[in-house]
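Novice: Could you have a look at this structure, given as C-alpha cells, before my questions?
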Amino acid sequence: MPLLLIGVAAAVFAADQLVKNWVVAHLVEGQTVPVLGEFLRWHFVRNPGAAFSFATGSTWIFTILAAIVVVVILWQIRRLRSTPWGLFLGLLLGGVLGNLTDRLTREPGFPQGHVIDFISTPWMWLGFNEAIYNIADIAIVSGMVLFVIISLLGVNIDGSPRLRGRAAADQTSEETDGAA
C-alpha cells in the first residue's frame, strides 16, 4: 500500500504543478476564459490565504501546517496496509505538496508564496461567493470525502476491521489481562 500512496501522491503533485505552470505561462491573471460556457471557466488568481482566500496574510501559518501534514502522512506509511487509506493519504499528500510547493517557491517568496488557483465553476456555489481552486484542492477535498467514507465503514489504516460493541470490549479485556 505504500506504493499506492506514493504513486497517487506523485501523480496528483505532477499534474497540479504542470497545470499551474501552464496557467502562469498562458493565462492573464484576473481574466476569465470560458471553457464550457458558465459550467467551467479558467480564472487565474494568486491566493495568499486558504480556501476562499481565508486568512490572507497568514500564508506562513499554512506553510507550517502543510509541512506538519506531510510529516504525519510519511510517519503513517509504516502502518499502512489498507488500499482505501493508501488512496486517501496519497490524495491528501499530493494535494498538500502541490499547494506547499506554491507557498515555498512562488511570488512573493519563501515561505509566503501565493497558491495558483484557476478552476472556476460558478454553478457549483448556489449564490455564495464563487470559489476558484486548483487540482491540489480537488485532491484534498476528494481525499477528505474518502476519509469520511472510510471512517463510517470502520476501516483501519492497517487493514484490520474495526471491532464494535461487545467484541471491542472483549478484545480490550483480553489485551489488559495478557499484560498483567
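The values are calculated or read from the model by the stated rules, or taken from the named source; none is laboratory data. Here the structure is a predicted model, which is why all the values come from computation and not from measurement. Backbone-built Cβ (ideal geometry, glycine too); neighbour counts: all protein chains shown. We work out accessible area using only protein heavy atoms, side chains counted, and drop any ligands, DNA or RNA first. Shrake-Rupley method; radii C 1.70, N 1.55, O 1.52, S 1.80 Å.
Novice: Please find the FRET efficiency linking Ala67 to Ala25, where r is the Cβ-Cβ separation and R0 is fixed at 25 Å, and quote it to the nearest 0.05.
Specialist: 0.35
Novice: Given the protein chains as shown and a 1.4 Å probe, how many square angstrom of Trp42 are accessible, to the nearest 10?
Specialist: 60
Novice: If you don't mind, another one. Per residue, how large is the accessible surface of segment 64-131? Use a 1.4 angstrom probe and give square angstrom.
Specialist: So segment 64-131 comes to 51 Å² accessible per residue, rounded to a whole number.
Novice: Next question. In whole percent, how big is the carbon plus sulfur part of the accessible area of segment 1-119, probe 1.4 Å, protein atoms only?
Specialist: Summing carbon and sulfur atoms, their accessible area is 73 percent of the total for segment 1-119.
Novice: Another one. Place the peptides 148-160, 110-122 in order of packing, highest mean first, counting for every residue the other Cβ atoms within 10 Å and averaging per peptide.
Specialist: 110-122, 148-160
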